[in-house]
Amino acid sequence: MTGRPAAAGGRVLLVSSNGSGMGHLTRLVAMGRRASPGTDVHVLSMSSAVPLAAGDLPYQYVPSADDLGIRPRRWNPVLRRRLGEAVERLRPSVLVFDGTYPYRAVAEMGDRYPDVRRVWSRRPMWRPGLGAAQLRLSRRFDLVLEPGELAARLDGGLTASRSEALPVRPITLLDPPDLLDARAARRALDLEQEVPTALVTLGAGGWQDVDTDLGRVVSGLRRQVPDVQVCLVRPSIARSDADPGEGVRSVSAYPLSRYLRAFDLVVTAAGYNTFHETVAFARAGAFVGVRAQLDDQPRRARWAEEEGVGVDLHPREPASLELAARLLADPEARASAEGRCRELWPGNGAAEAMAVVEALGAGAAVGELGGVRDAVRAAASEGVA
């Protein structure tokens, strides 16, 4: 390979798929922000949000097949060339891929650059019976890293019965001390201070359309909690900042998790990142188990209700909407849910995940990495890290 020499502490290339949101990219950035001072971290992502999400980390954007409007057969050679150019320029010691299906160009990295260690960051909680084809690619990586899953006891997917992954605690971008307090967060978002406030993030569309989940939730909360302040998320990369309408506010900030204490209730799809952030930052949640392609959101939402951290919300069921509205309106019920969140949250695994990657790049054997993880975890619990 050619290019400048690696940094003294090693160089790590973080590669994310685009997915349907920013989850893959955000988990990698969470790790990259916690790199040791001597480690040089670079990001290569298929997500158009990478200029926003990468922060101070140097990044490269490679448009996905969908963004380019071409079929995967034509796009794979594009990624292979762009990824190869990045590796030859940066000469990383480790490449970390986060995504549900390693692209061919990623899976073949070991053939092209055998001196680059390869890590697949592969979250669990897959829908039962799905994903066998990509799991066969696990052997193409030196290490499979598994971000922790709070709802693991309900995991019925194919990864649950496999032993090759090294688990870490759940990964979130921020830690609780990074958040604004409730009053400061409401000021920053220009929200009223003394009224029940719900954050509703259930995708695009007009909330006035009661045939959508978003419309049903907003109308249900406004009907049952008359003084509610409903806030809809306007994605930071959205092309429109149109006013959502009377009685409903639109908020946009990145990372939005920094402002979560502004909200008494978070109504969201039970995807990995937002779900774990809601629990990590002790917010009462109403979780919609969207039937995603691979992610088993319905079981994650069910776990939340069983464990008392929120409601397994079914927007088309009036009784379920009533439970969410009751949680919003009842301070004691919210306090109970928030207390359970604090009891169940094990801490952020981003630092231990990055430490494992750095150790791998420094030449550590895979069998030694569990000890690296445990040492970082112990130091964090003692307030050292």
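Computed from the coordinates by the stated procedures, all read-outs in this text should not be read as laboratory data. Just so it is clear, the model here is predicted, and its values are computed rather than measured. Cβ placement follows ideal geometry from the backbone for every residue including glycine, while neighbour counts extend to all protein chains displayed.
Counting neighbouring Cβ atoms within 10 Å and putting the fewest first, the residues Val217, Val106 line up as Val106, Val217.
The residues Ser121, Ser336, Ser93, Ser320, when put in order of fewest to most other Cβ atoms within 10 Å, stand as Ser336, Ser320, Ser93, Ser121. Loop sites here are GluC sites (Glu not before Pro) outside DSSP states H, G, I, E and B with no more than 11 other Cβ atoms within 10 Å. The longest part of the chain free of them is 1-191. Its DSSP H runs of at least 4 residues, each contributing -39,500 (n - 2.57), put the calculated 222 nm mean residue ellipticity of the chain at -10500 deg cm²/dmol, to the nearest 500. The residues Asp264, Asp142, Asp98, Asp227, when put in order of fewest to most other Cβ atoms within 10 Å, stand as Asp227, Asp142, Asp264, Asp98. Distances between placed amide hydrogens fall under 5 Å for Thr197 paired with Gln229, Asp264, Leu265, all partners being 5 or more residues away or on another chain.
Building the convex hull from the alpha-carbon atoms of the range 307-385 and averaging its projection over directions returns 8.0 nm². Taking amide hydrogens as placed 1.01 Å from N in the peptide plane, the amide H of Leu14 sits under 5 Å from those of His42, Val43, Leu44, Val96, each at least 5 positions away in sequence or on another chain. Its Cα centre serving as origin, the chain has a Cβ charge dipole (Lys and Arg +1, Asp and Glu -1) of approximately 1400 debye. Entry for the range 176-344 at q = 0.09 Å⁻¹: log10 I(q)/I(0) = -0.26, Debye formula applied to identical alpha-carbon scatterers, no solvent contribution.
Could you tell me the center-to-center distance, by alpha carbons, between the range 58-74 and the range 326-352 in angstrom? Each part reduced to its Cα centre gives a spacing of 38 Å. Per-residue 3J(HN,Hα) values for the range 274-283, derived from phi via the Karplus relation 6.51 cos²θ - 1.76 cosθ + 1.60 with θ = phi - 60°, read 5, 4, 6, 5, 4, 6, 4, 9, 6, 10 Hz in sequence order (x marks Gly and Pro). Spelling out what I want: for every residue of the range 70-77, take phi, set θ = phi - 60°, compute 6.51 cos²θ - 1.76 cosθ + 1.60 (Karplus), and round to whole Hz; glycine and proline get x. Values per residue, Gly and Pro as x: 10, 7, x, 4, 7, 7, 3, x Hz. Excluding the site residues themselves, the longest part of the chain lacking any trypsin sites (Lys or Arg not before Pro) in a DSSP loop with at most 14 other Cβ atoms within 10 Å is 1-161. Packing order of peptides 196-202, 171-177, highest average first: 196-202, 171-177 (average count of other Cβ atoms within 10 Å over each peptide's residues).
Backbone phi angles across the range 313-330, fed through the Karplus curve with coefficients 6.51, -1.76 and 1.60 (θ = phi - 60°), yield HN-Hα couplings of 8, 10, x, 8, 10, x, 5, 5, 4, 5, 4, 5, 5, 5, 5, 5, 7, 9 Hz in residue order; Gly and Pro are listed as x. Compared with the dominant Cα axis of the chain, that is its longest principal axis, helix 213-224 is turned about 40°.
Here the range 88-144 and the range 284-319 have alpha carbon centers that stand 30 Å from each other.
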